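One structure below.
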Amino acid sequence: MRLLTHNMLASNIKGVANGFPLKIEVGQVVEKHVDLNPEFLKNMFAKLDYKVLVEASKTMGYADLPEQAEPSMLESEDFLRKLNHALLELHLEEGALVCPETGRKFPVNKGIPNMLLHEDEV
Amino acid sequence: MASRPELQAPPEVFYNDDEARKYTSSSRIIEIQAQLSERALELLALPNDGVPKLLLDIGCGSGLSGETLTENGHQWIGLDISPSMLDVALERDSEGDLILGDMGQGLGIRPGVIDGAISISAVQWLCNADKSCHEPRKRLKAFFDSLYRSLARGARAVFQVYPENLAQRELILGYAMRAGFAGGVVVDFPHSTKRRKEYLVLTCGPPSLSSATPKAKGEDEESCSDDESSDDEGNQTVSISDRHRPRKKQKLNKKVKGREWVLKKKEQMRRKGNVVPQDTKYTARKRKARF
């Protein structure tokens with residue numbers, strides 16, 4: 001699972017008011033090369049929760065992203081490369097996602113998060 | 001065999017390792033899935049500005065539909081309930097991210113971030129109650145409400161569905177409308193039983209010019225019932241048989257099917273979506289006597 005997906009996912013348990021962001025418990029991180037695509041990053045930047053991305057990439061062991069970002073920074077290739085690496089190249093292979101409110105764990109196996117809810121959580 | 005998969009078992013049970021294997025080995029399934037997703041992407045009508053979008057594939061299965069999205073340069077997130085199918089997707093090295101989840105429990109996705117959603121042959125599963133805690137109406141509502149939230153304003157969602165009957169289609173469409181979607185059903189090749197495919201084309205937001213439902217393939221302007229009635233009138237000409245001709249010849253003449261009949265049949269085949277040769281001056285022309 002990439003951090004792009006982590007940035008979109010929220011806990012869906014009944015009664016949870018703010019299930020975003022899910023905390024990451026790291027088991028194993030894999031890096032896969034992705035070609036730089038400035039158009040996609042620029043399109044996504046407006047939708048990203050940047051703070052959450054910075055936090056998540058730190059948990060995954062990548063601390064090069066600047067703490068603050070502005071749309072003007074999208075012109076610099078250096079920043080785009082860092083964003084590309086954090087957003088698309090870091091994969092959480094094994095581990096878990098934890099709901100911030102209830103502490104419920106969603107296990108991640110082979111890079112696939114199991115977001116299935118139990119009957120009483122729907 | 002002809003029975004619908006929805007009636008046999010819940011999706012996470014039906015799509016077991018054996019069934020999932022078919023999605024890598026059967027070239028027919030692969031081809032059909034690719035065609036369906038190609039058409040769904042066409043109906044999605046994404047702006048043609050070369051900017052890759054973030055799309056959602058609901059019921060992505062083995063990632064066959066996602067491959068079409070990747071080929072067109074988009075990033076995607078796939079959701080499926082069957083672990084076996086997702087394993088196959090991993091084997092196929094699908095580019096998108098995969099999530100094991102149940103669409104009937106709602107999509108746990110942040111509001112307004114997705115640029116479009118497709119789903120191939122999946123939404124009709126929501127109409128089944130596979131567990132005692134399942135209520136199709138609640139599940140449909142949860143699905144469409146959460147989808148509406150997660151889509152950006154003006155984004156589209158295209159679902160290819162196989163509704164079991166009219167009531168099921170109404171049910172699905174009804175809940176989509178209640179969630180706030182505008183749109184309707186596009187039926188490709190409505191006259192053919194095999195090639196007939198239904199697509200739910202939904203737009204996030206109030207109805208507008210841009211949310212008008214696109215035109216279906218293989219559909220005629222004039223309704224077919226009009227066509228046939230005019231043909232019948234043509235056939236109703238009063239014929240006076242030549243009583244001086246021998247009996248045998250009289251019978252023969254009656255059976256010969258003329259150019260009109262051939263043209264009518266070809267038109268019928270065309271409406272079904274079959275490949276039919278052009279109409280030319282040679283169509284249904286009689287051979288010379290010396291042949």
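The values are calculated or read from the model by the stated rules, or taken from the named source; none is laboratory data. Just so it is clear, the structure is predicted and the values come from calculations on it, not from any experiment. In this analysis, Cβ positions are derived from the backbone assuming ideal geometry, glycine residues included, and neighbour counts consider all displayed protein chains. Quick note on the areas: whole protein, heavy atoms, side chains included, nothing else; ligands and nucleic acids left out. Shrake-Rupley method; radii C 1.70, N 1.55, O 1.52, S 1.80 Å.
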For segment A:3-116, with +1 on Lys and Arg beta carbons and -1 on Asp and Glu, the positive-most of A:LEU9, A:LEU48, A:ALA69 along the dipole: A:LEU9
Would you work out what percent of the accessible area of segment B:143-197, with all protein chains in place, is carbon or sulfur (probe 1.4 Å)? 50 percent
With every atom except the alpha carbons ignored, what do you get for Rg and Dmax of segment A:3-116, in angstroms? 14.3, 43
Helix-only CD estimate at 222 nm, as mean residue ellipticity for the protein assembly as shown, using -39500 (n - 2.57) per DSSP H run (n ≥ 4): -10000 deg cm²/dmol
One would report the Cα pair-distance distribution of the protein assembly as shown, bin width 20 Å, in %, as 23, 48, 18, 9, 2, 0
Identify the residues of segment A:98-122 with backbone N under 18 Å of a label point that sits 7 angstrom from the Cα of B:LEU90 along the Cα-to-Cβ direction, or state none. A:106-116
Can you give the net charge of the other residues whose Cβ lies under 12 Å from the Cβ of B:ILE172, counting K and R as +1 and D and E as -1? +2
Ranked highest first by average number of other Cβ atoms within 10 Å, how do B:160-173, B:192-205, B:110-123 line up? B:110-123, B:192-205, B:160-173
With each pseudo-label sitting 7 Å past Cα toward Cβ, what's the B:LYS131-A:TYR50 distance in nm, one decimal? 4.1 nm
What accessible surface, in Å², does a 1.4 Å probe find on B:ILE109, ignoring ligands, DNA and RNA and rounding to the nearest 10? 20 Å²
Between B:LEU7 and B:THR70, what is the label-to-label distance in nm when each label sits 7 Å out along the Cα-to-Cβ direction? 3.6 nm
List the residues whose amide H sits under 5 Å from the amide H of A:PHE106, counting only those 5 or more places along or on another chain, with H placed 1.01 Å from N in the peptide plane. A:LEU97, A:VAL98, A:CYS99
Rounded to the nearest 100 Å², the accessible area buried between A and B, both sides, probe 1.4 Å, is 2500 Å²
Given charges of +1 on the Cβ of Lys and Arg and -1 on the Cβ of Asp and Glu, with all other atoms neutral, how large is the dipole of segment A:3-116 about its Cα centre, in debye to the nearest 20? 580 debye
Accessible area of segment A:3-116 with a 1.4 Å probe: how many percent of it is carbon plus sulfur? 48 percent
Rounded to one decimal in nm, the spacing of the 7 Å Cα→Cβ label points at A:VAL29 and B:LYS265 is 7.0 nm
Averaged per residue, what accessible area in Å² does segment B:11-57 show with a 1.4 Å probe, protein chains only? 52 Å²
So, counting K/R as plus one and D/E as minus one, what does the shell of residues with Cβ under 15 Å around B:ARG21 add up to? -2
